[in-house]
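What follows is a short report on a single structure.
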Amino acid sequence: MKLYRASLAHTPRNPFTHLDALETFDDGGLLVDRDKILELGEFSNVQAKYPRAKVIDCTESFIVPGLVDSHVHFPQVSVIGTMGVQLLEWLETRTLPEEEKLADSGYAREVAKDFLTHLVRNGTTTALVFGSHFKNAMHEFFQAAQDSRLRITSGMVFSDRELRPKLHQSPQQAFASGAELIMRWHNHNRLRYAVMPRFSLSCSDKMLEVCSALLSAQPGILFHSHINENPLEIQTVKRLANAPDYLESYERHNLVTERSVFAHSVHPTASELARMAKAGASVAHCASSNAFIGSGLFPMRAHLEAGVHMALGSDVGGGTGFSLLKEGLEAYQMQMLQAEGIKLSPAHLLYLATKAGAKALHLEDQIGDFTSGKQADFVVLKAPRGSTLERTLSQSPSMAASLGALFTLAREESVKNVFVAGEKLV
Ligand SMILES: [Zn+2]
């Protein structure tokens, strides 16, 4: 047994519904028995109860649950920072040409390894990863994901219209490829499969039927796609799918369920939100991407009032990097800019970056907070010597204020160690 001594913070309850959601220990102890969390509390109390546990001294550090990225694209690492274009032009001019390069499995392998390294370095231990349009690139990715020991849910991306023909596959090919990948990788160690039409803009009804069939191929498969990101995209979907709204293009193929995660949802109608809430579907809020490619300000209040579950996604490469801490800061800022915005607290940001993601990915029973019995996935954050963060933390009046400073200032260089199931990855 190992007893980690540090300042601890987690959100065992939902801060959108509970005032006491945030639990913190200034001088805390996190007791880990092999892959599981055994106990959490004041260091002196936990040590008195388990005097033989080996103490790992992380004083002057913060330990939070492993971060969960609910929307990120593995083939897009190299397009981060593409300026001056909105969604459809961004896809056409820079992003899809890069994604075409993954037809080369050697290149796909290199990108996959790189991508997973960046997740870990940013403290992300679990992710719902938008894949590649190429089956062999997905075998490479899943292999690399297995080697990384992270918790990864991913899938091959399907398209059979619009976009670039090199990225198309027929619905028959898509079904065969999806079935093969599911057989090989779904529920294999920490990997799971998610069915991923790129978006209904680039998928015919036949292709979405294939998605529906694959979704029920085995228990536990998730559904992941994009929705209501950009006004021109929405218009195009309604025209091509001959649908009154974006959600219906998925609904008519039974793709809106409690196992569905939709990225963006920046411009939903009230009816769409009500239907998503009724189905129990989740939204991946990608704040930095929404700002960077000019998609719009996320209507968080409308989602909350409708009862739609939300988590955070970095949306690399539309997003501005892999840090879920930065994503929390962006989410905070996007709400502050709106008259109807939600005043998010550090507890909300921590919840959105951890437990909310675990819930969206149906892993809430295993990860997301430090409840006894859960998997020991956690991140050790420490301000670099002489950094602005070190100075700010030294004067922090409370643990909540320290968390606020971490979301604002802590990035890759502050991620000291990352653990998944009690095993150190960094
Ligand atoms: Zn995306």
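For segment 371-426, a residue qualifies if it is part of a strand (DSSP E or B) and over 21 Å from GLU330 (Cα atoms), and the qualifying residues are GLN375, PHE378, VAL380, LYS416, ASN417, VAL418, PHE419, VAL420, GLU423, LYS424. Listed by first and then second residue, the pairs linking a residue in segment 366-384 that is under 18 Å from SER61 (Cα atoms) to a residue that is of a type in the set (Gly, Ala, Ser) and part of a loop (DSSP other than H, G, I, E, B), with Cβ atoms under 7 Å apart and 6 or more places separating them unless they lie on different chains, are ALA376/ALA421; ALA376/GLY422; ASP377/GLY66; ASP377/ALA421; PHE378/GLY66; VAL379/GLY66; VAL379/GLY123; LEU381/ALA410. Condition first: without any contact (Cβ under 8 Å) to a residue 60 or more places away in the chain, part of a helix (DSSP H, G or I) and within 20 Å of ARG121 (Cα to Cα). Can you find one or more residues in segment 337-357 that meet it? Yes, because at least one residue in segment 337-357 is without any contact (Cβ under 8 Å) to a residue 60 or more places away in the chain, part of a helix (DSSP H, G or I) and within 20 Å of ARG121 (Cα to Cα). Consider PRO65 carefully, then state whether it is in contact (Cβ under 8 Å) with a residue 24 or more places away in the chain and within 16 Å of the ligand (Cβ to nearest atom). The answer is no for PRO65.
Looking at segment 282-297, which of its residues are among the aliphatic types (A, V, I, L, M) and within 16 Å of the ligand (Cβ to nearest atom)?
Result: VAL283, ALA284, ALA287, ALA291, ILE293.
Of the residues examined, ALA331 is not one that is in contact (Cβ under 8 Å) with a residue 60 or more places away in the chain and crowded, with 24+ Cβ neighbours inside 10 Å.
Where a number appears in this text, it was derived from the coordinates with a stated rule and is not lab data. Just so we're clear, the structure is a prediction, and the values are computed from it rather than from any experiment. No Cβ is skipped: glycine too gets one built from the backbone with ideal geometry, and neighbour counts run over all protein chains shown.
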